[in-house]
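Reviewing the structure listed below.
Quick note: the coordinates plus some simple rules give every number you see, no bench work behind them. The model shown is predicted, which means the values in this text are computed figures rather than measured ones. Positions of Cβ are generated from backbone atoms using ideal geometry, with glycine treated the same way; all protein chains shown enter the neighbour counts.
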Amino acid sequence: MSRLIESPPLTPVEPVTEIFHGIPVTDPYRWLEDQHSPETRTWIEEQTKYARTYLDAIPGRERIRQRVRELLDVETHDSLLKCGIRYVFRKRRPGEEQPSIYLREEPDGQDQLLIDPASRGTGNYTAVKPLRVSPDGSLLLYEVKQGGERKGCFEILDIASRRRLPDSLPHGYLRGFAFAPDGKSYYYVHEATAEKRPFYRAAYQHRIGMQFELDREIFCAGEDKKLTLVIIPGRHCLGLLVYRDLDKVYTDFYLWGMGSTGLPLSILRNADYLFAPRFLGARILALTDNGSPNRRIVEVRPRRHHDPLLLTLIPETDAMLRTWLISENHILVTHFRGGATQLSVFDSHGKCLGEIPCQRGESLRAVSGDSEDDEIFLERESFTQPVEIMRHSLSSGISVPWARRHISFDGVAYRHSEVTFASKDGTSIPMFLVGRPSVLTGGMHPTVMTSYGGYGIPITPQFSVLVAFLIECGCLFALPIVRGGSEFGVAWHEAAKRQKRQVAFDDFLSAADWLVKTGRTSPEELAIFGGSNSGLLVGAALTQRPDLFRAVLCMVPLLDMLRYHLFDNAYHWKDEFGTAEDSGDFQALARYSPYHAVQQGVAYPATLIVSGDADQNCNPLHARKMTARLQAANGSSNPILLDYTRYRGHSPVLPLSTRIEALTDRLAFLCKQLSLLP
């Protein structure tokens, strides 16, 4: 093995010491936070060479790439919008780098190409996505992104002529959008990247074909970085939501009739609870946790000079109400219990009409519908079956396939089972196990594990190409339902929130201990992976129990928890994690912050950290600094690698060839560490 593989590039130490509530904390790699400095760019180049030398030399890599291509290079459909008898969606055909936007007239009509990103001539990293169709079906709003960036450009297509109109919104964030009923104008809230007044929060009306300088301001929420203004589209009116991110998030809600010359009507002020409104005809419905921690759906009855009446339509249950969709005279509501999905159908007055069946071990989502139509679209998937889109008639209850992802994976050859284990505090935690029947029966096997544990987001069965490949190789896949999600209601989330975040890490580590103690695997055969908040989870596991894992795949993570809130818009997450500015939060964050938990001379497992310049959710400084610190401290011969590219971000829009290479790298790394290669 070459010296380059044995020894990572040396990273200069330039310590910066800060005092947090009387406690000094030294940061040796603060200089790596500057993404654009020549020193950082040189460091990234050296790390990339080091990682490529290791990853490219892994035996069996070409076989892995071929199998990954077979699993990824298939026809896919997503982002479905419906307007009358028109269907607009994304489709990527085999061999294409990016999906294009298509139109289908009638359910079984021919797919007509509307927008091919390749025709723009801006490279394979250009991606497009349909966002909204005008009420008459004549205009399409779609987004254009470069790589994994969060921001984008927003363009309007005249569907009949296939002509892009000159009424595009420039690069930035689109916080809200609604076409006028006649399709001759639209309403928008847009935060442009190059805006002269970047914190001025206002909603405007733009008339198609007119200069933007003539746009009419219909509402201004103020001028402050901590303000967010959002449009809620209705048939003949707009809802205007104002979020003020202060000690907590406060919500105001206004109602404005489209075309009105008057000021919006104030409906709600200073709500310190969840209030997520939608329109059902002229009625205002809302999802709220006001007086109902697990959430309910209410009808909003405005009252002059008073907060509105919130009349319960769909009451709170013992399970978290996670998603809802309005279609024709129906309301579809998704609850999660454990790892199971319950999709219920209610009439417009809150009477339960039944459920759309969902098997244990699969996920079901209502993803699209027309508020004036009986037809909705569902997505169904499981650990062993990729996403299938179904057309569902609410009146008949009949579902028929609309689009399938045909892959060469024998899903029927694999099973899942459910077990429970005791966490550190004695709480019983459920866990899914997935693999061949012979693997589930027992015995020692290479194992990969992940979870999420944050933001109240539930974990449900989903198909993963990474997992599919590994269970084909004989691995056991483990998915513990750790606290921090909402699988068992709001209490499951609160149990691992903010200063109690360590609870999620304890659950995850207890799952790994259980797998070892029950003889299903060993630390030499156990790998963990995760991204975003799950990247924090595996980062904490890596630093708290490095002896428990053979390999760690940590993707687009948060890792420096004392400074995370200072970058991009991460301060919005303070309610989830707390910040180092609060003394109580600081103590909790300092105890588990993975970057600060790295210790000199500890034998760390093989680690591949993944990030890129375009990530504005979990700033790539976390990946850069953690890589440097682990490489300098590592007392083992296991590699610490950084997979870093310019275009990678949080949005899953990278071209097919890049995705194939990236997944090949990750699988080759895991296969080598788990001795799965010939």
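At q = 0.09, 0.20, 0.21 Å⁻¹ the log10 of I(q)/I(0) for region 168-298 amounts to -0.27, -1.23, -1.32, computed by Debye summation with a single uniform scatterer per C-alpha, solvent ignored.
Hey, could you grab the Kirkwood Rh for region 444-575? Inverse mean 1/r over distinct alpha carbon pairs, Å, one decimal.
After inverting the mean inverse Cα-Cα distance, the result is 15.2 Å.
With one equal scatterer per alpha carbon and no solvent term, the Debye-computed log10 I(q)/I(0) for region 1-131 at 0.11, 0.19, 0.21 1/Å reads -0.75, -1.07, -1.16. For region 292-429, pairs of C-alpha atoms spaced more than 20 angstrom apart make up 57 percent of the total. Over the Cα atoms of region 401-459, what is the Rg over Rh ratio if Rh follows Kirkwood? Taking Rg over the Kirkwood Rh, I get 1.06.
Computed over the Cα atoms of region 134-173, pair by distinct pair, the Kirkwood hydrodynamic radius stands at 10.9 angstrom.
Taking all Cα pairs closer than 8 Å and separated by 6 or more residues, the relative contact order of region 8-153 comes to 12 percent. Using only helices, what value at 222 nm comes out for the chain when you add -39,500 (n - 2.57) per DSSP H run of length 4 or more and divide by the total residues, to the nearest 500 deg cm²/dmol? Taken over the chain, the calculation gives -5500 deg cm²/dmol. Here the convex hull built on the C-alpha positions of the chain has a volume of 161 cubic angstrom per residue. Eigen-decomposition of the gyration tensor built on the alpha-carbon atoms of region 576-678 gives equivalent ellipsoid semi-axes of 27, 21, 11 angstrom, largest listed first.
The alpha-carbon positions of region 621-678 define a convex hull whose volume is 100 Å³ per residue. The separation of region 43-80 from region 602-661, counted between C-alpha centres, amounts to 14 Å. Projecting the Cα atoms of Val189, Ala118, Leu309 onto the charge dipole of the chain, computed from C-beta unit charges around the Cα centre, puts Ala118 farthest toward the positive end. With N counted as the residues of region 262-345, its alpha-carbon radius of gyration over 2.2 N^0.38 Å works out to 1.16.
Modelled spin labels at Asp374 and Lys49, positioned 7 Å past Cα toward Cβ, are 6.8 nm from each other. For the chain, the longest principal axis of the Cα atoms and the long axis of helix 621-633 meet at an angle of about 10 degrees. Distance between the 7 Å Cα→Cβ label points at Ser138 and Leu227: 3.4 nm. Of interest is the spacing of the C-alpha centroids, which for region 250-285 and region 439-489 amounts to 41 Å. The magnitude of the dipole of region 6-127, with charges of +1 and -1 set on the Cβ of Lys/Arg and Asp/Glu and taken from the Cα centre, is near 480 debye. Computed from label points 7 Å out along Cα-Cβ, the spacing between Arg197 and Ala422 is 6.3 nm. Pairs with C-alpha atoms separated by more than 30 Å, drawn from the list Lys184/Lys248; Lys574/Lys625; Lys151/Lys625; Lys517/Lys625; Lys49/Lys226; Lys151/Lys226, are Lys184/Lys248; Lys517/Lys625; Lys49/Lys226.
In a simple Cβ point-charge model (Lys, Arg +1; Asp, Glu -1; nothing else charged), the chain has a dipole of about 180 debye relative to its Cα centre.
Annotation: amide H-H contacts under 5 Å for Glu487 (H modelled 1.01 Å from N, sequence separation of 5 or more, or interchain): Ile459. Shown is the FRET efficiency for Arg360 and Glu494, computed with R0 = 30 Å from the Cβ-Cβ distance and rounded to the nearest 0.05: 0.70.
For region 127-240, taking Cα atoms only, Rg and Dmax work out to 13.7, 41 Å respectively.
Segment Glu18..Ile398, full-extension length gain: 130.6 nm, with 0.36 nm per residue of separation and the alpha-carbon distance subtracted. Taking every Cα-Cα distance in region 358-490 and sorting them into 5 Å bins from zero, the calculated P(r) comes out as 2, 9, 16, 19, 17, 15, 11, 6, 3, 1, 0 percent.
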